[in-house]
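> This is the structure I have questions about; it appears just below.
The values are calculated or read from the model by the stated rules, or taken from the named source; none is laboratory data. Computed from a predicted structure; not experimentally measured. In this analysis, Cβ positions are derived from the backbone assuming ideal geometry, glycine residues included, and neighbour counts consider all displayed protein chains. SASA here: full protein model, heavy atoms, side chains in, ligands and nucleic acids out. Shrake-Rupley method; radii C 1.70, N 1.55, O 1.52, S 1.80 Å.
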Amino acid sequence: MVDSPKLFILLLCTISFLSGVSFADPLYQNCSTSSNYTKGSSFQNNLNNILTSLSSHASIFKSYNVSYGKNPDTVYTLFMCLDYVSNQTCQYFIATASQDILKLCPQAEEAIVWKEQLNLNFKQASLKL
């Protein structure tokens, strides 16, 4: 028979492991290979600005789409968190995904990352909803 302290420690370890799994890197990504932006370009500046601001919107909205910049360097972006995800968790996921998308898809003019709880994408052309 397992005594209570050992069972409690086992339960804590299991919960700790599972929470680490749920906040892991995005499981899937799709990066455009047909067009890339130039480092230091207006598109890159617009992309950085829009991705930086997204998590503040995620604290209020579960889905949000916005554009930033002027043509031809306009960046269109969209995120969605599932309804059962709290706003605080959505904000965390979007902040993390905004950083990850730049690492996973460097210089891509179109990219998407998604996992069970969220979807984040951006592109240079208007997003069709």
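> If I compute solvent accessible area with a 1.4 Å probe over the protein chains, what percent of it on segment 83-129 is carbon and sulfur?
Percent of accessible area from carbon and sulfur atoms in segment 83-129: 51.
> Okay, next question. Quick check: pseudo-label points 7 Å beyond the Cα along Cα→Cβ at GLU116 and ASN87, how many nm apart are they?
Result for the modelled spin labels: 2.5 nm.
> Please give the contour-minus-distance gain from LYS70 to SER34: 0.36 nm per residue of separation, less the Cα-Cα distance, rounded to one decimal in nm.
10.8 nm
> Check cross-link reach from LYS123 to the lysines: straight Cα distance under 29 Å, and skip same-chain residues fewer than eight apart.
LYS39, LYS62, LYS70, LYS103, LYS115
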